[in-house]
Amino acid sequence: MQVLVVDDSQIMRKIVTGALNKVGITDTLDACDGKEAVQIVSQNPDIGLVLMDWNMPNMTGLEAIKKIRASKNEVPIIMCTTEGEKEKVLEALKSGANDYLVKPFSPKDIQAKLEKYVK
Amino acid sequence: MKAEHINPFINSVSEVFKSMLNCDVKVGKVEISEPKDCDEEQYIIGMIGMSGTARGVISMKFPEETAKKAVGKFVGLEFETVDSEVIDGIGELINIVAGNAKTKFQGHSISLSLPTVVKGSVYKLKNLGKLVWLSVPFSSEVGSFSIEVSFKPVEDPVKEVENASVSR
């Protein structure tokens, strides 16, 4: 399975990619904002999962999800963000996110979440 | 700034360091922050602005050695110098600490700016709103660091936005 990791923090992309490796996923792509994520998703039909940060420059994760869903792409998207309020979670889910992971998370938290989507 | 407003930030630091760095922190005495003119130590300082039903700023101030060790523990690497990854890591740490803290202010709707990270030895916090800054020192296995916070609930956010637009 190919997974796209979207985060403006280089360090956070490394941490999430490391967690993916621990659940057996080594085929990963990176994007540093929502705009790049939308482009990569449209060009790579093999992507089976997207891990999406919310607050990023150029285009937020929420805007990126809306654009991806508007293009009729149903790739599973896990929002992976510090935005932990209930209203924010509902807003993301209504906009097309499939799941939600609030930072801070432990390595166990993210691995447990990933195992639900790894085939 | 009321003393009770500092607790969500203190708790957030403890939680973030525990869950993401597997590191316990010891909290020191909360004090009113006094700017210093000169300091020999080089610091890495992450800052985030808050707006909405409360406004203010939170900053985290790390001596270089602490910054390298904290980000190293965060990502599972060792850093010999303060490079772009260390700077990026401090930005992400302050982002997570501030994001986690704002969820603890029930009844508030607070937005965060994107983080800013600066490096240097002279460090003065000042803003135009005459807000008091509170400073909290922490110690941990990765070294000592501190947070400085100004936080003020906005009594009438709508009026505040109207006034802001008139002044432009």
Qualifying residue in the stretch B:24-40 (condition: at pLDDT 95 or above and within 12 Å of chain A (Cβ to nearest Cβ)): no
Filtered residue count, the stretch A:20-44, keeping only those that are touching a residue at least 24 places away in the same chain (Cβ under 8 Å), surrounded by fewer than 21 Cβ atoms within 10 Å (Cβ to Cβ) and within 14 Å of another protein chain (Cβ to nearest Cβ): 4
Residues of the stretch A:24-71 satisfying the condition of being in contact with an Asp or Glu (Cβ under 6 Å, 6 or more places away or on another chain) and among the β-branched types (Val, Ile, Thr): none
Test: residue in the stretch A:95-102 that is charged (D, E, K, R) and either loosely packed, with under 15 Cβ neighbours inside 10 Å or within 9 Å of chain B (Cβ to nearest Cβ) (or both): no
Residue that is farthest from the other protein chains (Cβ to nearest Cβ) [pool: residues in the stretch B:10-23 that are farther than 19 Å from B:Met47 by Cβ and out of contact with any Phe, Trp or Tyr (no Cβ under 9 Å at 6 or more places or on another chain)]: B:Asn11
Selection within the stretch A:45-65 - touching a helix residue (DSSP H, G or I) at 6+ places or on another chain (Cβ under 7 Å) and away from every other protein chain (no Cβ under 14 Å): A:Ile47, A:Val50, A:Leu51, A:Met52, A:Glu63, A:Ala64, A:Ile65
Number of the exception - B:Leu21 against (1) buried (at least 21 other Cβ atoms within 10 Å of the Cβ); (2) in contact with a strand residue (DSSP E or B) (Cβ under 8 Å, 6 or more places away or on another chain): (2)
Single match in B:Gly91, B:Gly72, B:Gly76, B:Gly56 (criterion: under 20 Å from B:Val132 (Cα atoms) and not acidic (Asp, Glu)): B:Gly56
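Of all residues in the stretch A:103-117, which are within 14 Å of A:Leu4 (Cβ to Cβ) and surrounded by fewer than 20 Cβ atoms within 10 Å (Cβ to Cβ)? Outline the logic, then answer.
To start, the set of residues in the stretch A:103-117 that are within 14 Å of A:Leu4 (Cβ to Cβ) comprises A:114, A:117.
A:Tyr117, the sole residue that qualifies.
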The stretch A:63-76, subset among the hydrophobic types (A, V, I, L, M, F, W, C) and out of contact with any Lys or Arg (no Cβ under 9 Å at 6 or more places or on another chain), residue nearest to A:Val89 (Cα to Cα): A:Ile65
Complete set of residues in the stretch B:109-153 that are modelled with pLDDT under 95, touching a Ser or Thr at 6+ places or on another chain (Cβ under 7 Å) and of a type in the set (Gly, Ala, Ser): B:Ser109, B:Ser111, B:Ser135
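What helices (runs of 4 or more DSSP H) completely inside the stretch B:1-120 contain at least 2 residues that are touching a residue at least 60 places away in the same chain (Cβ under 8 Å) and among the basic types (Lys, Arg)? Walk me through it before giving the result.
Details: elements: B:7-21, B:64-75, B:84-102.
Those helices (runs of 4 or more DSSP H) span B:64-75.
Return a yes/no flag: does the stretch A:66-81 have any residue that is at the interface with another protein chain (Cβ under 9 Å from one of its Cβ atoms), closer than 27 Å to B:Asn11 by Cβ and either crowded, with 20+ Cβ neighbours inside 10 Å or out of contact with any helix residue (DSSP H, G or I) (no Cβ under 7 Å at 6 or more places or on another chain) (or both).
Pass one, the stretch A:66-81, residues at the interface with another protein chain (Cβ under 9 Å from one of its Cβ atoms): A:81.
If we keep only those that are closer than 27 Å to B:Asn11 by Cβ too, we end up with A:81.
From what's left, either crowded, with 20+ Cβ neighbours inside 10 Å or out of contact with any helix residue (DSSP H, G or I) (no Cβ under 7 Å at 6 or more places or on another chain) (or both): A:81.
Yes, because at least one residue in the stretch A:66-81 is at the interface with another protein chain (Cβ under 9 Å from one of its Cβ atoms), closer than 27 Å to B:Asn11 by Cβ and either crowded, with 20+ Cβ neighbours inside 10 Å or out of contact with any helix residue (DSSP H, G or I) (no Cβ under 7 Å at 6 or more places or on another chain) (or both).
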Residue within the stretch A:56-79 that is under 12 Å from the mean Cα position of the chain (by Cα) and either among the charged types (D, E, K, R) or modelled with pLDDT under 95 (or both) present: no
The stretch B:59-110: number of residues that are of a type in the set (Val, Ile, Thr), buried (at least 17 other Cβ atoms within 10 Å of the Cβ) and either more than 8 Å from chain A (Cβ to nearest Cβ) or under 15 Å from B:Glu41 (Cβ atoms) (or both): 8
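The values are calculated or read from the model by the stated rules, or taken from the named source; none is laboratory data. What you see is a predicted model; the values in this text were computed from it and never measured. When we count neighbours, we look across all protein chains shown, and the Cβ atoms used for this are built from the backbone with ideal geometry, even at glycine.
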